[in-house]
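What follows is a single structure, written as structure tokens, with notes after it.
The values are calculated or read from the model by the stated rules, or taken from the named source; none is laboratory data. This is a predicted model, so every value here is computed, not measured. Quick reminder, even Gly has a Cβ in these numbers, built from the backbone with ideal geometry, and neighbours come from all protein chains shown. Side chains are part of the model used for accessible areas, which takes the heavy atoms of the whole protein and leaves out ligands, DNA and RNA. Shrake-Rupley method; radii C 1.70, N 1.55, O 1.52, S 1.80 Å.
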Amino acid sequence: MEKKQKFKENFKKTVWFVLNPRLLFCVGLAWMITNGWAYVLLGLGTWMEIGWMMAVSGAYLAFLWFPFSPEKIATFAISLALLKLLFPRDEKTLAVLRAWHKKAAEAFRRRRDKKKKTDTGDRDAQRADKG
């Protein structure tokens, strides 16, 4: 029952964070910076029959649909920067961000340390075999 309660609490926190109006505004603004202009340009280029607008926006939009496109990472990073810039007093959202960042950094460190230990152990075993 404890795991279920913890999952419910984390899920509620995540939904609250994602549906925060300030964050949604910043994500929308960041999306317009990274993607929206291309859709607007494609619409205008099609409507006004301007070839270069359709070509530029079409090429950029085609790039966005590739799996290796870093657009989503850039959009999220821009939205977080906008959140900190436009709403510096939104302590609840910023506190959640800091907590998630701290968790991610700790997980990364643990993984790196674990890998170092196994790599060191492998090297020691190889040296013992050679010696």
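So, of the residues in the range 1-20 that are without any contact (Cβ under 8 Å) to a residue 40 or more places away in the chain and open to solvent by less than 100 Å² (accessible area, probe 1.4 Å), which turns out to be farthest from Ala77 (Cα to Cα)?
Step by step, filter the range 1-20, then rank; the result is Asn10.
Looking at the range 32-45, can you tell me whether even one residue there is modelled with pLDDT under 85 and either open to solvent by 30 Å² or more (accessible area, probe 1.4 Å) or on the phi > 0 side of the Ramachandran plot (or both)?
Looking for residues that are modelled with pLDDT under 85 and either open to solvent by 30 Å² or more (accessible area, probe 1.4 Å) or on the phi > 0 side of the Ramachandran plot (or both), one finds none in the range 32-45, hence no.
Taking the range 57-76 only, how many residues are over 14 Å from Phe25 (Cα atoms), assigned to a helix (DSSP H, G or I) and of a type in the set (A, V, I, L, M, F, W, C)?
Going through the range 57-76 one residue at a time, the tally reaches 7.
Filtering the range 61-80 down to residues that are in contact (Cβ under 8 Å) with a residue 40 or more places away in the chain and over 19 Å from Thr14 (Cα atoms), which residue is most open to solvent (accessible area, probe 1.4 Å)?
It comes out as Ile78.
Working only within the range 58-90, note down all residues that are polar (S, T, N, Q) and either at pLDDT 95 or above or in contact with a Cys (Cβ under 7 Å, 6 or more places away or on another chain) (or both).
The one that is polar (S, T, N, Q) and either at pLDDT 95 or above or in contact with a Cys (Cβ under 7 Å, 6 or more places away or on another chain) (or both): Ser79.
Say we look at the range 46-60 and pick out the residues that are in contact (Cβ under 8 Å) with a residue 12 or more places away in the chain and open to solvent by less than 60 Å² (accessible area, probe 1.4 Å); which of these is nearest to Phe87 (Cα to Cα)?
Filtering first and then ranking leaves Ser57.
Out of the residues in the range 1-34 that are more than 15 Å from the chain's Cα centre (by Cα) and of a type in the set (S, T, N, Q), which is farthest from Ala62 (Cα to Cα)?
Gln5
So which residues in the range 81-96 are touching a residue at least 24 places away in the same chain (Cβ under 8 Å), assigned to a helix (DSSP H, G or I) and surrounded by 13 or more Cβ atoms within 10 Å (Cβ to Cβ)?
Across the range 81-96, the qualifying residues are Leu82, Leu83, Thr93, Val96.
Any residue at all in the range 15-25 that is farther than 20 Å from Glu91 by Cα and not hydroxyl-bearing (Ser, Thr, Tyr)? Full working, then the answer.
To start, the set of residues in the range 15-25 that are farther than 20 Å from Glu91 by Cα comprises none.
Within the range 15-25, not a single residue is farther than 20 Å from Glu91 by Cα and not hydroxyl-bearing (Ser, Thr, Tyr).
Evaluate the following for Ala99: is it surrounded by fewer than 16 Cβ atoms within 10 Å (Cβ to Cβ) and within 20 Å of Leu41 (Cβ to Cβ)?
Values: surrounded by fewer than 16 Cβ atoms within 10 Å (Cβ to Cβ): yes; within 20 Å of Leu41 (Cβ to Cβ): no.
Judged against the criteria, Ala99 is not a match.
Name the pairs: first residue in the range 105-125 and modelled with pLDDT under 80, second residue hydrophobic (A, V, I, L, M, F, W, C) and in a helix (DSSP H, G or I), Cβ to Cβ under 7 Å, at least 6 apart or on different chains?
Pairs that qualify, where the first residue is modelled with pLDDT under 80 and the partner is hydrophobic (A, V, I, L, M, F, W, C) and in a helix (DSSP H, G or I): there are none.
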